[in-house]
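Please treat every number below as a calculation from the coordinates, not as lab data. Quantities reported herein were computed from a predicted structural model and do not represent experimental measurements. Positions of Cβ are generated from backbone atoms using ideal geometry, with glycine treated the same way; all protein chains shown enter the neighbour counts.
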């Protein structure tokens, strides 16, 4: 079986259950039971040396005695016996194995060693391995259920790939109780063999799957995941629930860029690049799944709200607007049509409030009219419970008219309140593929996910624009990097500096590196004495900035090591002396001050921060946003993965207030946005060219008026250990 072919896990010709049991309390019993109850049409072979038959099936002493066809084995024996069972399975020629047994990497070093041996055995025999420590696989259309979990969803269009067996079991239980159908459910376990990226792509290729849900705790290979997720997203919507928000990564960071990227900004950027929609919780993920799998995508963000209750209608409206959607401006023709068919006190403005006295027939007329309006891209139907007609009659109307909207490519979402999963009305809506949400605020979230999906699909061709390599003086950059690496090694060996402390490039090295990539910096020089500083100031031009040259100190303002707007030689001499004294007072243990950097002061302009930090999973992560000393307090920054196109760099700016500032704020002239985009692309190129670079930061990048360019006033670069 080719490495990329995972069909054996969903459409096997025969299934052997190694560790099958006659005891209803054992997992091995549950697997055989589910295979039979699901209606799997191929042969099922219980393997148990101590049983003659299990659940009416002949039992086999070993996998070696199982007849053909048998291309999938489910192993449910205790952990110490898994290795031998896997060897025997490999000898038998079985090419697909699910190890449900736990007791591997998740329990500590001994289990990790056992898992490594299992992985080695699987590779030796060419076995595609799912698990260990998983609950198995369900394909409702085959049908196949290799899990031990009680119950199975009805056949449907939603798939789930989960790194948590417990979460997969919970979704199965929810699906059974709600009546929502699933196509495939996969528990990945420890991923000793098949990874989340491989399985995501395999599930997305299923012709019956219309949306894929992914529960992630991490990824095995960041770039491989992005590529697989992008290919999957090009075919079907992919919704991810990634846990671990707010947890800092283990990498050492010292710049603002690194600190701000230390949560999971890299995952956000990766999902955005791959077209994956990131849900904030399990309920939201399941809400989005139904809308994306069952309804057409909106062609725009204009929404009509049809309601019989003012309060819930307003809640829905606010939720829609908070998510970036807007009320559709109904045509006069639509309003005239509605006015003749609703009570006199009803409102035919959007939201359309037809009042509590209106019944299913009125809903049908109004919903159809709203869907016919060219200014409407989607309709949400929000109703409070009524006691004079049955909810099922309203569900039939919404389902019938909403179903007819498929040809008009306009989604209809229900907000019929008060329904429980078992209600007839809810089942009618499910059969008609109308997602219904018991609380109106959930409508905004689901519809916004659909709109983001549409936007990503529309932008795909633009995102595939060729990424042009930035012009650069590669030989100069190479000499800087070689020298910096040598200095770093020397400092670690002879000065007992940590790799992080020793990894910072000297300011003159940073300036040379940036200039090699045509990133402008102010004229700067190092002055050991006040007289040297005055001579340098004459050369670079007043006004000047004075910065103490202190090895290992990157944020100089925090120790009073920066003075700005020095305009005369006398001011400079006084500032030189005062700063020397202040730095020594604040850093009494400091042994060396190499002198002062004298830098031409760049006056006026928009102050931004731009930078790069290397994420251990996804590679270079580019940042842009509002700059200054309070950047970590403001946190108005955005991230994107390198390499970037110009359009992606522009989008990066527009996700923060930086985009508005560059356009001219409160009467200020527009700043040189193209120069900022160039700087972002060139920073990304530096990180791509030199994998040894861990962090780059320019703060501030001062952006002049349109056509005036941008200048990296303060920059730092750190090499990785």
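At a 10 Å Cβ-Cβ cut-off, how would you order 417, 199, fewest neighbours first?
Working: 417 17, 199 26.
Placing the least packed residue first, the sequence is 417, 199.
Rounded to two decimals, what ratio of Rg to Rh does the range 1-140 give with C-alpha atoms and a Kirkwood Rh?
Working: Rg = 14.0 Å, Rh = 14.9 Å.
In the range 1-140, Rg relative to Rh is 0.94.
Taking 0.36 nm per residue of separation and subtracting the Cα-Cα distance, what length does fully extending residue 62 through residue 235 add? Walk me through the numbers before you get to the answer.
Working: separation 173, 0.36 × 173 = 62.28 nm, distance 4.17 nm.
Net length gain for the segment: 58.1 nm.
Mind checking the log10 I(q)/I(0) for the range 400-439 at q = 0.16, 0.32 Å⁻¹? Debye, one equal scatterer per Cα, no solvent, two decimals.
These q points yield log10 I(q)/I(0) values of -0.38, -1.11.
With a 10 Å radius around each residue's Cβ, average the other Cβ atoms per peptide and rank 167-174, 574-581, highest first.
Taking the mean over residues of other Cβ atoms within 10 Å, the ranking is 167-174, 574-581.
Based on the Cβ-Cβ distance from residue 173 to residue 581, what FRET efficiency comes out when R0 is 56 Å, to the nearest 0.05?
On the way: r = 70 Å, r/R0 = 1.25.
After rounding, the FRET efficiency stands at 0.20.
How big is the gap, in Å, between the Cα center of the range 87-101 and the Cα center of the range 612-671?
50
Write down the Kirkwood hydrodynamic radius of the range 606-719, to one decimal in angstroms, obtained as one divided by the mean of 1/r over all alpha carbon pairs. Don't jump to the answer; show the numbers that get you there.
Details: mean 1/r = 0.0722 Å⁻¹.
Value: 13.8 Å, from the Cα pair sum.
Mind listing P(r) for the range 34-87? All alpha-carbon pairs, 5 Å bins, whole percents.
Taking every Cα pair in the range 34-87, the percentages come to 4, 17, 28, 27, 17, 6, 0.
If one puts a single equal scatterer on every Cα of the range 351-417 and applies the Debye formula without solvent, what log₁₀ I(q)/I(0) results at q = 0.18 Å⁻¹?
-0.61
Would you work out the relative contact order for the range 304-432, in percent, from Cα pairs under 8 angstrom that are 6 or more residues apart? Can you show the working numbers first?
Details: 200 pairs, mean separation 35.8, N = 129.
RCO, the range 304-432: 28 percent.
Consider all pairwise Cα distances in the range 412-549 and report the whole-number % of them above 26 Å. Don't skip to the answer; put the middle values down first.
Numbers: 5905 of 9453 pairs.
The proportion of pairs with Cα distances above 26 Å equals 62 percent.
Please report the spacing between the Cα centers of the range 527-549 and the range 674-714 in Å, no decimals.
Centre-to-centre distance over Cα atoms comes out at 25 Å.
What whole-number volume per residue, in cubic angstrom, does the convex hull of the C-alpha atoms of the range 295-463 give?
For the range 295-463, the hull spanned by Cα atoms encloses 105 Å³ per residue.
Given the convex hull over the Cα atoms of the range 84-217, what projected area results after averaging over all orientations, in nm²?
Numbers: hull surface 32.2 nm².
Answer in nm², one decimal: 8.0.
Tell me, what is the percent relative contact order of the chain, built from C-alpha pairs under 8 Å that lie six or more residues apart?
About 9 percent, as a whole number.
For residue 223 and residue 390, compute 0.36 nm times the residue count separating them, minus their Cα-Cα distance, and round to one decimal in nm. Don't skip to the answer; put the middle values down first.
On the way: separation 167, 0.36 × 167 = 60.12 nm, distance 5.23 nm.
Length difference between fully extended and current span is 54.9 nm.
So for the chain, Kirkwood radius off the Cα pairs, Stokes-Einstein at 4 °C and 1.567 mPa s: how many µm² s⁻¹? Each step should come with its number before you reach the end.
Numbers: Rh = 29.5 Å.
D, rounded to a whole number, is 44 µm²/s.
Pairing the Cα long axis of helix 530-540 with the longest principal axis of the chain, what angle in degrees results, from 0 to 90 and rounded to the nearest 10?
70
At a Förster radius of 35 Å, what calculated FRET efficiency corresponds to the Cβ-Cβ distance of residue 568 and residue 474, to the nearest 0.05? Could you put the intermediate results ahead of the total?
Details: r = 41 Å, r/R0 = 1.18.
Step by step, r from the Cβ atoms, then E = 0.25.
Share of antiparallel DSSP beta bridges in the chain, in percent to the nearest 5? Could the numbers behind the result be given before it?
On the way: 50 of 99 bridges.
Here the share of antiparallel DSSP bridges comes out near 50 percent.
Give me 374, 615 sorted ascending by neighbouring Cβ count inside 10 Å, so fewest comes first. Before the final figure, lay out each step's value.
Working: 374 11, 615 23.
So the residues, fewest neighbours to most, are 374, 615.
For the range 118-189, go through all pairs of different Cα atoms, get the mean of 1/r, take its inverse, and jot down that Kirkwood value in Å. Don't skip to the end; give the middle numbers.
On the way: mean 1/r = 0.0792 Å⁻¹.
Radius from the Kirkwood sum: 12.6 Å.
Hey, any idea what the orientation-averaged projected area of the convex hull of the range 487-532's Cα atoms comes to, in nm²? Display every interim value, and only then the final one.
Working: hull surface 18.3 nm².
Mean shadow area of the hull around the Cα atoms is 4.6 nm².
Can you give the calculated 222 nm mean residue ellipticity of the chain, where each DSSP H run of n ≥ 4 adds -39,500 (n - 2.57) and the sum is split over every residue, rounded to the nearest 500 deg cm²/dmol? Could the numbers behind the result be given before it?
Numbers: 24 runs with 284 residues, N = 721.
When only DSSP H runs of four or more count, the value is -12000 deg cm²/dmol.
Would you please give the FRET efficiency between residue 518 and residue 666, computed as 1/(1 + (r/R0)^6) with r the Cβ-Cβ distance and R0 = 25 Å, to the nearest 0.05?
Efficiency computed from Cβ-Cβ geometry: 0.20.
How are the C-alpha pair distances of the range 523-601 spread across 5 Å bins, as whole percents from the shortest bin up?
For the range 523-601, the pair-distance distribution reads 3, 18, 32, 26, 14, 7, 1.
Between the alpha-carbon centers of the range 330-407 and the range 173-252, tell me the distance in whole angstrom.
So the separation of the two Cα centres works out to 37 Å.
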